Amino acid sequence: MSKGLKIFLASPRGFCAGVDRAIEIVEKALKKFGSPVYVRHEIVHNKYVVDNLKKKGAIFVEELHEIKDNSRPVVFSAHGVPKSVPKEAENKKMFYVDATCPLVTKVHRETERNNKNGYQIILIGHKGHPEVVGTMGQIPKENITLVETAEDAKNIKNENFNKPVAYVTQTTLSVDDTKEIIEILKKKFPNIKSPIKEDICYATTNRQNAVKHIAPLCEMFFVIGSENSSNSKRLVEVAKKAGCSKSQLINFDKRLPLDQIIKCNRIGLTSGASAPESLVQDFISEIKKHCDVSIEEFVTARENVTFKLPKSLN
């Protein structure tokens, strides 16, 4: 146990205001309406959170047609949904509560407004991610083009855009990668309309900044989060780019690479915006069984954002 290990702990880390709100919406719905409450798609991308809500009486489905009892409430996940989903719920006379993060809703409204004002929209995001599916589903599909990479941006053909162009972004992207894509788009379309306020959310930006500060000091860097969590995967990429090549995502049920960790003197630790703090503490407790651990917390920002709950849950 004599081996000393320093853990640089990133702050802010873990739950953001949108995730807090989404989980609270499911818990309040269960309290108010009893179980089961259906949830369309994982409320947030974290298996531990989803499993806990299942134990309390939430039933997760991917599509509304899987719901057997239309009299029960259904919650839409924090990632947002295409316009067709609330319409389908209304047609089926379902009572629904929308847990879409308000910062995702902002991107939806922006997309709609730009479309209404005659713009062709470019969405920077990851194909198939529920947030991207939701944003693309706000307007007719011929009016919105998805760009995933700098290469995609370079390959866009100007002649395919016969209207003025505006861009929006997924809220959980890498700030640096997105910046590169935007610069390419601005060269292609000098008059491209930018969002009034940046679309990448405050929590994504803050968590990435904290990682940038810590990663260069570390021999290994760990991000606690789920495989399908976009913001968590971006944190791993940011850590690698910032100088820690041995950076990895750790799922709550995955074994820690202790044989590698105990050879280190300094490791870094953070968690994605949908990962609970208890998983961070479990990680630290596990390492303490094998090393003499000292913790230094790096605070790069203070967060005090909160979002109101839907009126239907009051």
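Structure above, values below:
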item	result
Of the criteria (1) surrounded by fewer than 22 Cβ atoms within 10 Å (Cβ to Cβ); (2) modelled with pLDDT of 95 or more; (3) closer than 30 Å to ILE261 by Cα, which one GLY4 fails	(2)
Residue match in region 286-300 (condition: at pLDDT 95 or above, part of a loop (DSSP other than H, G, I, E, B) and under 22 Å from LYS6 (Cβ atoms))	yes
Top-ranked residue of region 65-95 - restricted to ones that are acidic (Asp, Glu) and farther than 20 Å from SER35 by Cβ, ranked as farthest from the chain's Cα centre (by Cα)	GLU90
Failed item in (1) touching a Lys or Arg at 6+ places or on another chain (Cβ under 8 Å); (2) modelled with pLDDT of 95 or more; (3) closer than 21 Å to ALA150 by Cβ, with GLY225 passing the rest	(3)
Only listed residue being assigned to a helix (DSSP H, G or I) and under 18 Å from TYR119 (Cβ atoms), chosen from ILE182, ILE196	ILE182
Evaluation of SER245 against (1) outside the structural domain of PHE161 (by TED's automatic domain parsing); (2) part of a loop (DSSP other than H, G, I, E, B); (3) touching a residue at least 24 places away in the same chain (Cβ under 8 Å); (4) within 30 Å of THR149 (Cα to Cα) (one fails), failing number	(3)
Filter pass, ILE121 being part of a strand (DSSP E or B), over 30 Å from LEU249 (Cα atoms) and either touching a Cys at 6+ places or on another chain (Cβ under 6 Å) or not assigned by TED's automatic domain parsing to the domain that holds GLU227 (or both)	yes
Residue in region 126-141 that is more than 16 Å from ILE200 (Cβ to Cβ), touching a strand residue (DSSP E or B) at 6+ places or on another chain (Cβ under 6 Å), crowded, with 16+ Cβ neighbours inside 10 Å and in contact (Cβ under 8 Å) with a residue 12 or more places away in the chain present	yes
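The values are calculated or read from the model by the stated rules, or taken from the named source; none is laboratory data. Treat the numbers as computed from the prediction; the structure is a model and nothing was measured. All Cβ positions, glycine included, derive from the backbone under ideal geometry; neighbour counts span all protein chains shown.
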